[in-house]
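Peer 1: Below: one structure in structure tokens.
The values are calculated or read from the model by the stated rules, or taken from the named source; none is laboratory data. Computed from a prediction, not measured in an experiment: that's the story for all the values here. Cβ coordinates were reconstructed from backbone atoms using ideal geometry, including for glycine residues, and neighbour counts include every protein chain displayed.
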Amino acid sequence: MGERLMHRKEFYIGGEWVAPAVDEHLDVVSPWSEKVVGSVPVATTEDMDRAVSAARRAFEGSWAQTSRADRGEILKAVAENVRKRVVDLVDAQVEEMAIPVASGYQQNEMIAPLFDYYGELAVNYPFERHEIIGPNKAVIVQEPVGVVGAIVPWNGPTCLAAWKIAPALAAGCTVVLKPPPEAPVSSLVLAEILHEAGLPAGVLNVVPGGREVGEYLVTHKDTDKISFTGSTGAGKRIMSLCGDQIKRVSLELGGKSAAIFLDDADLQMILPRYVRGAMHNSGQVCAMLSRALVPRHLYDDAAELAARTAATFKIGDPHDDDTVIGPLVAKRQQDRVLGYIDIATSEGARILTGGKAPAEMATGFYVEPTVLAGVEPHMRVAQEEIFGPVLSFIPYGTEEEAVAIANGTSFGLTAAVFGGDQQRAMAVARRLQAGSVSVNGGYGPYPRTSFGGFKESGLGRELGTEGLGVYLEPKSIAYR
């Protein structure tokens, strides 16, 4: 990796690369080699003030005066530039967060279609509608909410940032993005891509920093909306801060998602695919289907098949195309995941495979892909988000019991149902309290299908027209 790509000395503010107010840098440590692979400047409140001011000027000036057609063309130009530089995005993420390279491409190849889609929506979305009843007339207009503070996590820093930037810009908003301190470099590469595509000055600003400067962005008097993706605990804190100002907020938070395998599901075909999908990014995915609910009479065979499958996954160098399981993002995360496995066994669960750090890995924050059996719905491992490569197999008796177990957590982000009878599986899916449900491996048309959570999994939606709507304020104008 080149020095220029991984070692940064400037923020992206007001369409320029600018030096930080204080000469302080954060070293980026590879979770694979445990060596410093990059560095970025660390923002102060003064830097954040500059970024928000640039976004405010752009919102009230150049971007507000840009036509919807021109906004759409700029977003489509971004999409083309992403396609040209997707290798740089992936390379940066492999270094900074040690995501397996195949998974890195899977994430970052989702960005260009997103900007294409919102480029079209910027032009075609019904930003106005007219209502007439007798002599009473009104036009309802959808106006951009204003300056958006966007805060994203380390497990998908560029893709999740794009989920916020593209619809916000299509709506006519401007954005201040705070990347995660664990994986900040790729977000600055993304800023280069948007800049090279002709984005006007100040429309996007990228300022890495820690928790304190993140809270400053949330409470800043000149941010009109906060869009946050991360843990439920952090989301509650952000929501409370926004509540003090009645500031608009959308939250995409944690999950403890369930996959229900009905008694007519083809487990031999489905389970290996399910296990591999659940282990994407070493389980560091909010939408991970971490709970497998299986009929009691099929339970033992299903859990054993899952364990045999997980045991075949290659653990190792994230630069290797064949690697499935890379390291977790930091030592603290490795300790957290191993701690949950210990808690599970102390509560009576059994480890069928994995359960420890691989002895053959001299460096890196690895946890073996782990399958737990004997898990009961009340156990902490079945109730709390682990954010690692750990699957919990839970037996059930009736279909009603399966639905109750699936709905029996404080989360409601995603869910899945597998069964031979499509109509029956769809009926079960409709009973699940989750923002996104997959039936027999179905995946909604991306990026037209909305994503977000029920209960403590979040507030608002991303993707689709719903993802545009959270950046708009409706105004009704009555006239004669």
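Peer 1: Against the definition (touching a Lys or Arg at 6+ places or on another chain (Cβ under 8 Å) and in contact (Cβ under 8 Å) with a residue 40 or more places away in the chain), how does GLU143 come out, yes or no? Working first, answer last.
Peer 2: Numbers: touching a Lys or Arg at 6+ places or on another chain (Cβ under 8 Å): yes; in contact (Cβ under 8 Å) with a residue 40 or more places away in the chain: yes.
So GLU143 fits the description; yes.
Peer 1: Regarding ARG296, is this residue more than 30 Å from GLY460 (Cβ to Cβ) and surrounded by fewer than 22 Cβ atoms within 10 Å (Cβ to Cβ)? Spell out the reasoning first.
Peer 2: Working: more than 30 Å from GLY460 (Cβ to Cβ): yes; surrounded by fewer than 22 Cβ atoms within 10 Å (Cβ to Cβ): yes.
Taking the combined requirement at face value, the residue satisfies it.
Peer 1: Within the set of pairs 6 or more residues apart or between chains, which connect a residue that is more than 19 Å from GLY146 (Cβ to Cβ) inside segment 203-220 to a residue that is of a type in the set (Ser, Thr, Tyr) and assigned to a helix (DSSP H, G or I) with Cβ atoms less than 8 Å apart?
Peer 2: PRO208/SER187; VAL213/THR45
Peer 1: If LEU204 satisfies all but one of (1) under 20 Å from ALA51 (Cα atoms); (2) in contact with an Asp or Glu (Cβ under 6 Å, 6 or more places away or on another chain), what's the number of the condition it fails?
Peer 2: If we test LEU204 against (1) under 20 Å from ALA51 (Cα atoms); (2) in contact with an Asp or Glu (Cβ under 6 Å, 6 or more places away or on another chain), just (2) comes out false.
Peer 1: Taking only segment 362-378 into account, find how many residues are surrounded by fewer than 20 Cβ atoms within 10 Å (Cβ to Cβ) and modelled with pLDDT of 95 or more.
Peer 2: Total meeting the criteria: 5.
Peer 1: Which count do you get for residues in segment 423-480 that are within 23 Å of GLU385 (Cα to Cα) and more than 23 Å from the chain's Cα centre (by Cα)?
Peer 2: Qualifying residue count for the region: 1.
Peer 1: Same structure again: Within segment 441-475, which residues are part of a loop (DSSP other than H, G, I, E, B), free of Cβ contacts under 8 Å to residues at least 24 places away in the same chain and out of contact with any Lys or Arg (no Cβ under 8 Å at 6 or more places or on another chain)?
Peer 2: GLY442, TYR443, GLY444, PRO445, THR449, listed by residue number.
Peer 1: Of the conditions (1) β-branched (Val, Ile, Thr); (2) in contact with a strand residue (DSSP E or B) (Cβ under 9 Å, 6 or more places away or on another chain); (3) surrounded by fewer than 24 Cβ atoms within 10 Å (Cβ to Cβ); (4) within 19 Å of ASN205 (Cβ to Cβ), THR66 satisfies every one except a single condition; which number is it?
Peer 2: Failed condition: (2).
Peer 1: Here are the criteria: (1) surrounded by fewer than 17 Cβ atoms within 10 Å (Cβ to Cβ); (2) touching a Leu at 6+ places or on another chain (Cβ under 8 Å). Tell me which single one ILE133 does not satisfy.
Peer 2: Evaluating ILE133 over (1) surrounded by fewer than 17 Cβ atoms within 10 Å (Cβ to Cβ); (2) touching a Leu at 6+ places or on another chain (Cβ under 8 Å) leaves (2) as the failure.
Peer 1: Consider only pairs whose beta carbons are under 6 Å apart and that are at least six residues apart or on different chains; among these, list those whose first residue lies in segment 101-118 and is in the same structural domain as TRP163 (by TED's automatic domain parsing) and whose second residue is outside any helix (DSSP H, G or I) and among the small types (Gly, Ala, Ser).
Peer 2: GLN107/GLY156
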